[in-house]
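Right, one structure below, let's go through it.
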């Protein structure tokens, strides 16, 4: 070879890189590409992601930059207060302490103390966290006071609800709103039915409408943001802003005579979701929201007038259900009238609790659990009616409470439908006089709170603690129950 000439290496043929699973790439080893899980991951006990595309989606937002933009959009939207909103400093820090799940049993007392301080600050502050308007029967006068805003807006141009679609276009709502709608679907909708299945109307009926109707969307967002605030440490926005936006939207649609059946159903649906909101946040707005719902139903022509279609059937069934749950928290008279039907049985009782009946037929595999749940609910109603009828003359009896506990322990933890027993557990806990029974119900309610994060359970525990401390003063707890102004369900 002549001096000065170098041998040129032959160009190697291109061989495409063989890609394996993400887990092997992170460990910097060659993946054996076994499907569906590679042998090397299986040998190490790792959850192999396989060979397909790996989407870096977190809660339906595609990247850290996308999540940052979504958070900024959410914060900008929520940082714009209503003209009359005056928010007190320190509210967010207190809310963070209220909604944090206790790490141990001893933490519950500090948790309830913070919750009580927060409730007092709401009632005494100049800024309005909870609505404080009276509820009367005429719906026009109710909605005239429903918002602190003095401005009034014209009726919306369209009186027709858009058709339901199975998969709404995602470009109709902002990214942060999609996040909140998904949060509602995952964490709230399942708590509002006996069994969470494909027929859960809180998911497959309400959410498609929320994509199209702004009023329903604001109501869903209010419930979602209140619940979401319980899961984050940093409180950078006030969920009451969205809540007040929903109230303002109701005010704009107060003239129900201007709407057809579909439009009336939409207003009723928004009120129903707001009722779920006051369950989630434990707000004292419950009596007003519920009375608005009943007044709107009356103004719409009653159940028969709005029961058209699948949405109408869902509305009527949910209103009947909450009518039974809400009765003892509104007045003793209404509580006795409604719960005595359940205690005695009969067709009217079945109509009031037909959610049990429907799921009993839909899921025969859960017949045993459904029977126990209905029996527990009936026992609670019987205890309430007995206490209300005897009043101060009847001494506390531990046997009905003990029977309820024995029946409840027959239901395994995390059984289908167990979450709807919060109402019955609270009613029986109010009757309990023995310290061991009171501790038992405290632990059970805490377990339900740690599962769903609904603040109304904290209010219930706070109320029970005060009630148990006053048992020597001979007061009828069924008379005092409406003073809570919170729906425990």
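Can you work out which of the residues in the range 292-317 that are outside any helix (DSSP H, G or I) and in contact with a helix residue (DSSP H, G or I) (Cβ under 6 Å, 6 or more places away or on another chain) is nearest to residue 260 (Cα to Cα)?
The extreme case among them is 300.
Go over the candidates 213, 196 one by one and state the one that is farther than 23 Å from residue 286 by Cβ, touching a helix residue (DSSP H, G or I) at 6+ places or on another chain (Cβ under 8 Å), free of Cβ contacts under 8 Å to residues at least 60 places away in the same chain and buried (at least 21 other Cβ atoms within 10 Å of the Cβ).
Values: 196 fails: buried (at least 21 other Cβ atoms within 10 Å of the Cβ).
The unique qualifying residue is 213.
Take residue 143 and tell me if it is part of a helix (DSSP H, G or I), outside the structural domain of residue 419 (by TED's automatic domain parsing) and at pLDDT 95 or above. Before you say what the answer is, go through the steps one by one.
Details: part of a helix (DSSP H, G or I): yes; outside the structural domain of residue 419 (by TED's automatic domain parsing): yes; at pLDDT 95 or above: no.
Considered against the rule, which asks whether it is part of a helix (DSSP H, G or I), outside the structural domain of residue 419 (by TED's automatic domain parsing) and at pLDDT 95 or above, residue 143 comes out as no.
Restricting to the range 385-420, name every residue that is at pLDDT below 95 and closer than 19 Å to residue 457 by Cβ.
Those that are at pLDDT below 95 and closer than 19 Å to residue 457 by Cβ: 411, 413, 414, 415, 417, 418, 419, 420.
Report whether or not residue 220 is within 15 Å of the chain's Cα centre (by Cα) and either in contact (Cβ under 8 Å) with a residue 40 or more places away in the chain or over 23 Å from residue 317 (Cβ atoms) (or both). Walk me through how you get there before you give the answer.
On the way: within 15 Å of the chain's Cα centre (by Cα): yes; either in contact (Cβ under 8 Å) with a residue 40 or more places away in the chain or over 23 Å from residue 317 (Cβ atoms) (or both): yes.
Taking the combined requirement at face value, the residue satisfies it.
From the list 251, 203, which one is surrounded by fewer than 20 Cβ atoms within 10 Å (Cβ to Cβ), touching a helix residue (DSSP H, G or I) at 6+ places or on another chain (Cβ under 7 Å) and not in a loop (DSSP other than H, G, I, E, B)?
251
The values are calculated or read from the model by the stated rules, or taken from the named source; none is laboratory data. Model, not experiment: these values are computed from the prediction. Cβ sites come from the backbone with ideal geometry, for glycine too, and all protein chains shown count toward neighbours.
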